[in-house]
Amino acid sequence: MLDAIEKQLSTDPVVARAVVDLAEVLRYTDLDAGRPASLLRLGLVIDALARHLGEESVSVYVVADRAVLSDSDLTSNERMAIRRWADDGLVEVLPAAGERVFEVAELTGLPVLTRQEPGRWLAPVPGGGGAVLTGTAAAVPPPSHPALARLWQCPEADCALFGLGRTASQPPPRMRSGVPSCPRHEQRLTDRGPRPRSVPLVVRVDGVVRLRFAVSAERPVVIGREPVEDDGIRLGPWLEGEGARRVSRSHVRVALTPAGVEVTDTSTNGTILRTPAELIRVSRGETRILGQQDVVVLYDGVEIARPGIWRRSGVAEPRSVMSDAPTIAMRLPRG
């Protein structure tokens, strides 16, 4: 039931679109008139963010109090899911989440979805048969804290947030009196050197931004109808008709190099690079550098570009994350 929500969780600030205090969201009983605490309300808030941004598949950065792991108002399955998400590094679980939520926001520039400070952030409230966001998040300048430019190591080698396997997608460290610390293990972090650069890209299909992903020098990404790579970007669910036939199983490979974002065609039918000045056909095996205003066209209406190139993301009612879950009984307020 919670698998659809799990897909929208990320502690990578390059991918996440907002920060959420899980303990607060769990108890928004007015969203569904249900139990005192429900993890499904996180799905309603994610849906509200998707509608607010006009995008599908938006990710949220979730911070949770450790107390939620033993909250008797949650089901055993819900508590187990939160524990699994924490073990996988998809959410942060720490003794007290409140201050950390706002620290993440300040360090990354992400808005907070909260009712605590609705004038400054975005407040999830009942509406539209679930939740809507009210208010306007304050404009935040691009983060420039020096800790964000470094790669950190937790003393706990298997730490899901700052372990050896976590590099370009690391979350921001917790700053304790100016000292970077692991929010989960509450220990001082070791500086491992410069953080690998990571660049966000978005996929738009039929005029709708469907998802956002990050590419780095250490993590090239394959995009196509049904790539075989476990971390490939799968476009099949949004393709039909001629688009499903013309977009190859693995259509392009995107990598971050010293020259910039490189796009290599791996398809059968070729790719178009649309620049402000011209259209460039890219054939199998050829590589081009993606400019700031360039768009990679896999097929008519299937596009890849940098975030912000499209002023409006194209959809007023994105597909709900809850639509992928089995049917559940919920009493939604009329809206």
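The values are calculated or read from the model by the stated rules, or taken from the named source; none is laboratory data. None of these values were measured; they are calculated from a predicted model. Using ideal geometry, Cβ is built from the backbone for each residue, glycine included, and neighbour counts are taken over all protein chains shown.
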Considering each residue of region 10-47, count those that are buried (at least 22 other Cβ atoms within 10 Å of the Cβ) and either in contact with a Gly (Cβ under 7 Å, 6 or more places away or on another chain) or part of a strand (DSSP E or B) (or both), and give that number.
6
In region 203-226, which residues are surrounded by 15 or more Cβ atoms within 10 Å (Cβ to Cβ), more than 25 Å from Leu151 (Cβ to Cβ) and not charged (D, E, K, R)?
Val203, Val205, Val208, Val209, Leu211, Ile223, Gly224
For region 302-328, what are the residues that are within 28 Å of Asn269 (Cβ to Cβ) and either among the basic types (Lys, Arg) or modelled with pLDDT under 80 (or both)?
Arg306, Trp310, Ser313, Gly314, Val315, Arg319
Listed by first then second residue, the pairs whose first member lies in region 163-188 and is under 19 Å from Val215 (Cα atoms), whose partner is charged (D, E, K, R) and assigned to a strand (DSSP E or B), with beta carbons under 8 Å and at least 6 positions apart or on separate chains, are Ala168/Arg219; Ser169/Arg219; Pro171/Glu92
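Do the conditions hold for Ala255, that is, is it part of a helix (DSSP H, G or I), hydrophobic (A, V, I, L, M, F, W, C) and surrounded by fewer than 22 Cβ atoms within 10 Å (Cβ to Cβ)?
No.
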Check Pro196, Pro227 and return the single one that is in a loop (DSSP other than H, G, I, E, B) and touching a residue at least 40 places away in the same chain (Cβ under 8 Å).
Pro196
Going residue by residue through region 270-280, is there one that turns out to be over 23 Å from the mean Cα position of the chain (by Cα), part of a strand (DSSP E or B), farther than 30 Å from Glu92 by Cβ and of a type in the set (Asp, Glu)?
no
Matching residues, region 103-117, being surrounded by 19 or more Cβ atoms within 10 Å (Cβ to Cβ) and not hydroxyl-bearing (Ser, Thr, Tyr)
Val104, Ala105, Leu107, Leu110, Pro111, Val112, Leu113
Checking Leu74 against (1) in a loop (DSSP other than H, G, I, E, B); (2) crowded, with 20+ Cβ neighbours inside 10 Å; (3) at pLDDT below 95: exactly one of these is not met. Which one?
(3)
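Here is a check on your reading of the model: is Ile223 within 18 Å of the chain's Cα centre (by Cα) and modelled with pLDDT of 95 or more? Explain how you work it out, then say what you get.
Working: within 18 Å of the chain's Cα centre (by Cα): yes; modelled with pLDDT of 95 or more: yes.
Against the criterion (within 18 Å of the chain's Cα centre (by Cα) and modelled with pLDDT of 95 or more), Ile223 qualifies.
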